Structure formats: C-alpha cells, structure tokens
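Structure record follows, encoded as structure tokens.
What follows is calculated from the coordinates using simple rules that are stated; it is not laboratory data. What you are looking at is a predicted structure, and each value in this text was computed from that prediction instead of being measured. Because the Cβ atoms are built from the backbone with ideal geometry, glycine has one as well, and the counts that use them run over all protein chains shown.
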Amino acid sequence: MDSRRSPQPPRWLAPLIVSFGALTGQLDTAVNIALPAITTAFAIEIPAIQWLVICYVLTYASLVLGCGRLGDIFGHKRVFLTGLLWSALSFYLCGQAPTFGWLLVFRGMQGLGNALVVSCAPALVTLAFPEAERGKALGFYTMCTSIAATLGPLLGGPLLTLWGWPAVFYGRVPLAVLAALLTAGWVRQPVAVRPGQRFDRLGAVTMTTAIAGLLLALTQGNRLGWWALPTLGAGSGALGCLGVFLWHTTRCAEPVIDLRLFRHAGFSVAHIAHILVNVASFSVLLLVPYYLLNAYHASALLGGVLLALSPLGSILASPLGGRLLTRVTPYRLSLAGATLVAMGLYGIGQWQASSALGWVAGMLLVQGFGQGLLHVATMEYVMGMMPRQQQGVAGSLTMLTRAVGIVAGATLGAFLLNALQAQHTVLLQATGLPAPTLAAQAFLLAFQETLRYAAGLAALAAVVLWGRRFLPVPG
C-alpha cells in the first residue's frame, strides 16, 4: 500500500459541506424582516414589495429542474460550485442595488444561483453513500436546511439593526464563498459523468416558461383577479408552453425529464400528495402570524418563539425520518407524515382567542413534524425511483413540487381568508358588536375555517397515499 496516499476524509464531511452551501439560499427568510426597510429605502408602495419575493421564487422554481439536468450532464459538483459563486455575486449586487428595479433584476440572479445550488445538493449528499443509507443522508440534509430557514429571521433582525437592509444580503457573501472553497477542496463528483449527453434546450425553455407562467398566473390571480388580462395571459402562455413541452419531450431522445416515470402510479401519487401537503402547510406561515397578533395578542418575543415551532418540528422529524426509512417504506412514512399534518392543521383550526399556550405550541409542532417526515420520505422515494445518473433531476423534482405547493398555498390561503372574513363580517353586523370586536371576531372565524380547509387538503393527501396500496405494482 502506498504510504504517500492521502487519508480519506470522513464520509460525512462532504454532505456537511454541501448542506452548509445549500443554507445560503435557505437563509433568504432573513429578507422578510427587511421588507419594511426596503420599502422605505426605495420609496415604493407597500404592494410593490411583493415583487421582491415573486422575482426570486419564480426564477428559482422555474429553473430548478433544468439545472438538475445540467448537473446530471456536466457534473453535480461543477453545477453546485457555479451556483455558489453566482449566489455570492448576486448577494453583493443586491446590497449594491441603486434602484428597486435593479434590486429585482439582482433578485432574479439570486434565484438562478439558488436553483443551481439546490438542484444538485441532494444528489451530492445521497450519492456519497450506499443506497441503503440514502434515507439517513436525506434526513441530515433536510435537517440542516430546516435549521437555516428557522435561523433566517433570527439573524436578519440584528443584521438589519446594525447595518441596514443590505446586510441581509451582504451577510451571505462570505458564507457562499467559504462554501465554494470547501466544495472545491473536499467534495468529490460522486458519479462519473457519462460523455456524449446533450442538454435538451427546447424542452428546458418550454418547461421553464410553463412553470414560470403558471406561478405568475397564481400570484396575479389573487392580486388582480382571475379574469384579469395579465392573469389570463400568463395562464394561457403557460398552457401553450406546456403543450409544446409535452409534445417535444415524447419525441426527444434525451429529454429534461423522462415523462414515462409518471406512468408509475406511485411516482405520480407521491408528487400529488407532496403538493397538497405543501399547499395546506403554507397556511401556517401565512396566517398564524395574524392570529398571534390580532386574536391571541402575543408579544413579539412569544410570537417569534411560537412561529419557530413548526420548522422546529421539521428539524426534529428529518433525522428521525431518515433513520426510520431503514425500517419502513417511504410510502408508510409519507402516510404518517400527511396524517400528522392534517391533525396539526385541524388542531390549529380549533384555536380560540384564549387557547392554552400548550395547545397552540403542540399543534404547531405536530404539523411541522408531519411535514418533515413527508418531505424526507418523498425525496427518498423519488430519488430511489430514478437512476443514479439522473439524481440531479430527481432531487430537483421534489424541490419543484414543494415550490409549486408554497406558491399555490400563498395564493389560495389569502384568497380564502379574505372571502370568508368578508362573509363573516356581513353576518356579524346584525349582532351590533362594536367595529373592533366585530373585525376581530370575523377574522378569528375566517382563520378557523381556512385552517380546517387546509387540514382537509392534508387529509386528502393521506387518502391519496392510502389508496396507493390498492394500485397495481408494475412488473
């Protein structure tokens, strides 16, 4: 044996570095706390600030699947490293933005960087281990990204106070650069790149445009109306591009994604359930803050702690789910996760203005715990179904369904709450309640109904998963 051979690094080192790199995107939750300061700095109207989020989410969600395919063709490490360096540049440019328009451009750049990073991160993590240990690796990765999403607002507050809104972007530049240096030195490309592969440009363009148009139609529909010209235009364009994509993909030798996978009933069911649960679960991030402020009258400190309990549940569930996957099937873990999410959301829908603190905290933990189990199980199932040479697309597909669920959840949750609140306001006017009391009561009733509808969606996901046991297993 050659004594000059360098010792092998610990096998958990590469997944740790990759997870550290991926958290640069997950820390974007820090931007939320800086939105009022950005609104003031650029002297814009409050409704316009939503484009800061839309530009980022649209770019990231529409490009992530194509970026995963790039990783499968050119190497996951190369694409991941490029994404980190691109992200570092975009963070710096966001902090330097001279106008709000330029800030939106740079946020789009940031979305591209995040798509490059997160599309290949799951592949780099899982391919470093034998297939039997893929669940543990995914649990570890999901736990790290959940921690980052939780820490974002906690770190964003001090950064904003000390150095202003650009700091929520500048603060991530050294993290991205450090992650890139560590990746270059310590992370290996786990699967040899097969030469001669081609990137399906037409498929990538039509797919990206279809996804972007769909998400834009969802956001514009709630803001401008479902029959407004911009909404109809975005939706029609998305359907047209989707049709071209489907037609082309069935005739392409090396498509962005092999649509024949969806002929496997379990593969389709897993993604349907994942979307439904993410649509339902986003009601927590969207509506619970208003409940804590308007109905529960929690202090800022208590409200922040309570809001952190849902992602804390996901943090606790992720490594446990990874270990359980060595003993139970992803199907059973997904079913358990969807069921827990439905139970948690239904419990939240029972909250009153004077609910016990333990009940409020417990239901948030249950919902977050269930969502963590489902996410790990879905990633394990999808990545196990696809060849090792297509793990970039596999990991990206799960991220895409999650993003679609979040955008749809934000749109439908806000629409439903506003409609129900208006309805209850009309019904309560006959009671003669004072205006502040009437508004608070109408909100609470609308909040409870909306969360119960969300629980119904999660329960539907559980029913879909349970029904999967009766589907034929392909030979």
Practice prompt. Could you sort 106-118, 253-265 so that the peptide with the highest average Cβ count within 10 Å comes first and the rest follow in order?
Written response: 106-118, 253-265
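Any idea what the relative contact order of the chain is, in percent, if you count C-alpha pairs under 8 Å spaced at least 6 apart?
22
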Worksheet, complete the sentence: Fraction of alpha-carbon pairs in the stretch 339-424 farther than 22 Å apart, rounded to whole percent, equals 47
Worksheet entry | Residues Gln50 and Leu239, FRET efficiency given R0 of 25 Å [Cβ-Cβ distance, rounded to 0.05] | 0.55
Discussion item. Quick check on the stretch 79-172: what are the equivalent-ellipsoid semi-axes from the Cα gyration tensor, as sqrt(5λ), descending, whole Å?
Written reply: 30, 17, 8
Response to the item:
In Å, the Kirkwood hydrodynamic radius from C-alpha pairs for the stretch 356-475 sits at 17.7
Worksheet item: Can you list, bin by bin at 10 Å, the percent of alpha carbon pairs in the stretch 266-468, starting at 0?
Response: 9, 34, 32, 16, 7, 2, 0
Discussion item. How compact is the stretch 126-243 by the rule of thumb for globular proteins, expressed as Cα Rg over 2.2 N^0.38 Å?
Written reply: 1.56
Worksheet entry | Kirkwood hydrodynamic radius of the stretch 11-187, from inverse mean 1/r over distinct Cα pairs, in Å | 16.4
Worksheet item: Hey, got the Cα dimensions of the chain along the principal axes, in Å, largest first?
Response: 86, 58, 48
Item to complete: Compute the Rg to Rh ratio over the stretch 253-350 from the alpha carbon atoms, using the Kirkwood formula for Rh, and round to two decimal places.
Response: 1.09
Fill in: Nearest-ten-degree value, helix 13-26 long axis tilted from longest Cα axis of the chain
40
Worksheet entry | Full-stretch length increase - Asn294, Ala37 - with 0.36 nm per residue and alpha-carbon distance subtracted | 90.2 nm
Item to complete: Return a whole-number percent for the relative contact order of the stretch 201-255, with Cα pairs under 8 Å and 6 or more residues apart as the contact set.
Response: 44
Response to the item:
1/(1 + (r/R0)^6) with r = Cβ-Cβ of Ala361 and Leu181, R0 = 35 Å, i.e. FRET efficiency to nearest 0.05, evaluates to 0.30
Discussion item. Restricted to Cα positions, what overall size does the stretch 201-255 have along the principal axes? Three whole-Å values, descending.
Written reply: 41, 12, 11
Practice prompt. Could you line up Tyr290, Tyr141 from fewest to most neighbouring Cβ atoms inside 10 Å?
Written response: Tyr290, Tyr141
Practice prompt. Calculate for the chain the 222 nm mean residue ellipticity that helices alone would give, adding -39,500 (n - 2.57) per DSSP H run of length 4 or more and normalising by residue count, nearest 500 deg cm²/dmol.
Written response: -26500 deg cm²/dmol
Worksheet entry | Proxy reagent accessibility, fewest Cβ within 10 Å first, across Glu133, Glu449 | Glu133, Glu449
